[in-house]
Amino acid sequence: MRIFTGGYTEPILMGSGEMVEGRCKGIACYDFDEQTGKLAYRTVTGDIQNPSYVLADAEGAYLYCVNELKDWNGIDGSTVSAFAIDRETGALHRINQQFTCGADACHLSFSPDKKYLLVSNYSGGSLAVYRIREDHGLEPATCILRHQGRGANPERQEGSHIHQTVMAPDGQHVYVSDLGQDVFACYRADWEKGWLLPEKEKNIYGIPGQGTRHGAFDVNGTHFYVMTELTCEVNVYQYKAGQAELMQTISAFADPAQQTEGCLGAGIRIHPSGKWVYGAVRGTNHIAVFRVEADGRLTLTETKLSGGEIPREFILSPDGRYLLAANQDTDNICVFAIDEHTGGLKEVWNQENVYCVTCISF
């Protein structure tokens, strides 16, 4: 099995106010040993601007990345690139590139049938949808949506900031995370035309000032878990027939008093078994491990240091045996074995020299 990593190749000022130096060399490929959890470097494809989020189509040997930029050819916005993966070497061959119509593109997701790619633009407060061609390149955007609004935090929620798209369990609706408005906005998808149509009555709202960042549905599609960036909390929603009810808000800290200024919630993942939820926090640089109770609520069972600084993203191996944390500021990926009984984490490998790593994709 292989993984691909991306990051910042040039200096960039983040929405949170931090300046990232940009040490990434491009999109790197590593072999992943499913028995030991070890990584082995294969190759890197350079000359790619700020591939800060990558998404591989493992079945078709294709990969997509955002090029997180403030402007492109003098126009405010980023780009999204499509590549073919060389199965032998792991090297990438560019197919084409499209404009995202918004600055600081930060996230990618597929439609359920993988015929469309959805791109989130953080600073642009917008979302773009692209039809994937037969050669797996991208057509121009079929739909562009732009949010307008603000939240309770005047510095971080001065406007809309799109951070992620999540497919609803029915495959016919898309939830769009807006950190600036503390909401996952709901859209009905027309996958024939590549359009998204708002259904505001199904929006999933957070608590003002939380800074909604990333979310995930559980394996049964009955609960939705949301990591908040500004308060480092997880919201638990009961989800039924397109309606969400907030059941619980729980801190990613064993002692909420430990949370200091500058701590920011990051990614959230649900274990394939459905037994555990994991959330990352930057600043204190830890992974919070939550046990899922019978009613879907969470109990915090462990906080584990991520093995580096600024775990902007992490992923779980498809078999659920490992968690891989991407530590942006210390240029490393820390691999943890997951205890099959408790969901706890044990470090088994530390891959160094993964420069300015911000994302990982199997």
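Other residues lying with their Cβ under 14 Å from the Cβ of Q97 contribute a combined charge of -2, Lys and Arg counting +1, Asp and Glu -1. Measuring r between the beta carbons of K275 and K114 and using R0 = 30 Å, the FRET efficiency lands at 0.60.
Rounded is the label for the chain, because a/c, from the alpha-carbon gyration tensor with a ≥ b ≥ c as root eigenvalues, stays below 1.5. Using C-alpha pairs below 8 Å separated by at least 6 residues, the relative contact order for the chain is 11 percent.
Contact order for the stretch 275-362, expressed relative to its length and based on alpha carbon pairs under 8 Å spaced 6+ residues apart, stands at 22 percent.
Seen from Q238, the other residues with C-beta closer than 9 Å to its C-beta sum to a net charge of -1, counting Lys and Arg as +1 and Asp and Glu as -1. Heavy-atom accessible area with a 1.4 Å probe sorts E192, E293, largest first, into E192, E293. Any idea how far the Cα center of the stretch 44-62 sits from the one of the stretch 130-199, in Å? Here the answer is 21 Å between Cα centres. When the residues E158, E134, E340, E68 are ordered by accessible surface, computed with a 1.4 Å probe over the protein chains alone, the sequence from largest down reads E134, E340, E158, E68.
Label-to-label distance, W191 versus L305, with points set 7 angstrom from Cα along the beta-carbon direction: 4.5 nm. Computed with a 1.4 Å probe on the full set of protein chains, the accessible area for D190 sits at about 40 Å². Mean sequence separation of contacting Cα pairs (under 8 Å, at least six apart), scaled by the length of the stretch 100-177, corresponds to a relative contact order of 27 percent. Accessible surface calculations at 1.4 Å, restricted to protein heavy atoms, place the stretch 203-362 at 38 Å² per residue. Shape class of the stretch 144-265 from the Cα gyration tensor (axes a ≥ b ≥ c, square roots of the eigenvalues): oblate, since a/c reaches 1.5 or more and a/b does not exceed b/c. Straight-line cross-link reach from K304 at under 14 Å between alpha-carbon atoms covers these aspartates and glutamates, not counting any fewer than eight positions away in the same chain: D255, D339, E347. Accessible surface for K304 stands near 60 Å², nearest 10, in the context of the full protein assembly shown (1.4 Å probe). With a ≥ b ≥ c taken as the square roots of the eigenvalues of the C-alpha gyration tensor of the stretch 2-99, please select rounded if a/c is under 1.5 and otherwise prolate if a/b is larger than b/c or oblate if it is not? Judged from the Cα gyration tensor, the stretch 2-99 comes out oblate (a/c at least 1.5, b/c at or above a/b).
The accessible area of T358, taken with all protein chains in place and a 1.4 Å probe, comes to roughly 0 Å². Of the residues K275, K114, the one with the largest accessible area comes first in the ranking K275, K114, computed with a 1.4 Å probe on protein heavy atoms. Listed by chain and number, the aspartates and glutamates whose C-alpha is less than 20 Å from the C-alpha of K70, apart from same-chain residues fewer than 8 away, are E10, E18, E21, D47, D104, E155, E158, D178. Think of it this way: in the chain, C29, C65, C101, C106, C143, C186, C232, C263, C334, C359 stand alone, with no other Cys Cβ under 4.7 Å. In this rough spin-label picture, where each label sits 7 Å from Cα along the Cβ direction, the H93-A40 distance is 2.5 nm. Spatially, the stretch 234-292 and the stretch 295-362 are offset by 14 Å when compared through their Cα centroids. Using only side-chain charges placed at the Cβ, +1 for Lys and Arg and -1 for Asp and Glu, the dipole size of the chain relative to its Cα centre rounds to 360 debye.
The values are calculated or read from the model by the stated rules, or taken from the named source; none is laboratory data. Since this is a predicted model, take the numbers as computed values, not measurements. Every residue, glycine as well, gets a Cβ built from its backbone with ideal geometry; the counts of neighbours run over all protein chains shown. Keep in mind that these areas ignore ligands, DNA and RNA; they rest on the heavy atoms of the full protein, side chains included. Shrake-Rupley method; radii C 1.70, N 1.55, O 1.52, S 1.80 Å.
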